[in-house]
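Report on the structure given below.
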Amino acid sequence: MDAQRALLDELMGAARNLTEEERKGYKEITWDDKEVCAFYMVRFCPHDLFVNTRSDLGPCPRIHDQKLKESFEQSPRHDKYVPRFEAELSQFCEKLVTDLDRRVRRGRERLAQEVEPTPPPPLSAEKSEQLSVVEEKIKNLLEQVETLGEAGKVDEAEALMRKVELLNVEKTTLTQQPQTDKVLMLAQEKKMALCEICGSFLVANDAAERTQSHVTGKQHIGYGMVRDFIAEYKAAREKAREEERLAKEKEAEERKKQREKESERRRRSDSGDRDRDRDRDRYHDRDRDRERDRHRERDRSRDWNARGSRDGGRGVDWRLRNGREGGRDRYRDRSRSRSPVRHGH
């Protein structure tokens with residue numbers, strides 16, 4: 001019935017039976033609602049693992065819907081929510097395993113307190129020989145019974161089986177121990193063992209069929225899934241932490257190299273700045289020398305002009321010009337004095 005209802009919900013929607021008035025206040029459930037089981041969305045729900053077993057957790061109080069799970073797997077927010085859902089599932093599973101390990105520890109202590117039974121005394125040589133003869137007869141008779149059964153001789157086979165039963169009684173008589181030893185032997189045969197996976201008590205030397213039935217049982221498989229998930233989750237977390245550590249070391253190494261490059265660049269820049277400062281200082285010194293020379297020239301010119309003004313307003317130019325004109329006048333005077341005509345006159 002539940003499977004049919006789930007199929008109808010998947011095909012027609014969960015609100016298929018609601019009236020128009022009820023549909024107005026109806027809110028469709030999505031995978032990220034609190035009513036939806038996050039464990040079922042991401043992996044498995046532990047409530048589904050132990051149904052009708054000694055470890056039954058009861059029905060899950062949240063919604064399990066395959067359609068919502070498919071919607072979650074196709075959602076663009078899937079990768080963002082998976083770590084959170086897995087962390088919640090891991091916490092729940094670790095609590096289950098912690099409680100189970102506590103029960104296993106108590107069971108192990110109880111088994112350790114049991115008194116170890118003493119082994120039965122060995123048979124005498126005479127009884128051992130008689131027991132070997134009886135076992136050989138039983139083996140031969142069983143082979144004959146099998147042959148007669150295959151040939152369809154049922155009556156003869158049954159007659160031989162009655163002889164086998166008598167020989168088994170004789171064998172039991174030969175191997176029978178005192179009552180106290182018999183009790184200890186039964187206790188040893190029923191010695192209990194503890195399953196470390198699911199915490200169940202087992203018979204140590206139980207038949208292989210019963211052991212296989214336990215291993216394939218719902219409780220053993222369920223706790224195996226829980227333990228495997230915890231181990232897988234822890235390994236993934238450890239791997240993620242290791243990758244994060246390596247990434248941080250790589251980032252720190254990159255920052256260190258970047259700082260070294262920046263330091264080298266600043267060092268080169270400072271060296272270039274110092275060279276430029278020296279060149280600039282050299283150029284400034286050269287400019288100051290030129291400026292100082294120009295000032296000296298101007299000061300010298302002002303001194304000459306000042307001297308010319310003291311000489312009646314005649315400066316350097318006046319002296320130079322008069323010097324040239326005076327030279328020409330003296331040359332003309334000398335020429336006239338040397339002329340014969342003027343000299344005779």
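Simple rule: put +1 on each Lys or Arg Cβ and -1 on each Asp or Glu Cβ in the range 43-83, find the dipole, and look at S55, S75, F44; the Cα lying farthest toward the positive end is S75.
For F50, the amide hydrogen comes within under 5 Å of the amide hydrogens of L57, counting only partners 5 or more places away or on other chains and with H modelled in the peptide plane. Measuring nothing but how far apart in sequence close Cα pairs (under 8 Å, 6+ apart) lie, relative to its length, the range 38-97 scores a relative contact order of 41 percent.
A protection proxy built from the mean count of other Cβ atoms within 10 Å ranks the segments 220-228, 163-171, most packed first, as 220-228, 163-171. Put simply, the amide H of I63, placed in the peptide plane, has neighbours under 5 Å in V36, C37, leaving out anything fewer than 5 places away on its chain. Here the spin labels are modelled as points 7 Å beyond Cα on the Cα-Cβ line, and at E253 and D289 they lie 5.5 nm apart.
Using DSSP to define loop residues, name the trypsin sites (Lys or Arg not before Pro) in the range 34-75 whose beta-carbon has at most 13 other beta-carbon atoms within 10 Å. The partial results should precede the final answer.
Details: sites: K34, R43, R54, R62, K67, K69; in loops: K34, R43, R54, R62.
Here the sparse-neighbourhood loop sites are K34, R54.
In order along the range 165-170, the Karplus-derived 3J(HN,Hα) couplings, from 6.51 cos²θ - 1.76 cosθ + 1.60 at θ = phi - 60°, round to 5, 5, 5, 5, 5, 4 Hz, and Gly and Pro are given as x.
The H on the amide N of V203, modeled in the peptide plane, is under 5 Å from the matching H of A193, each at least 5 residues off or on a different chain.
Rule-based calculations on the coordinates, nothing more; no lab input. Since this is a predicted model, take the numbers as computed values, not measurements. Cβ sites come from the backbone with ideal geometry, for glycine too, and all protein chains shown count toward neighbours.
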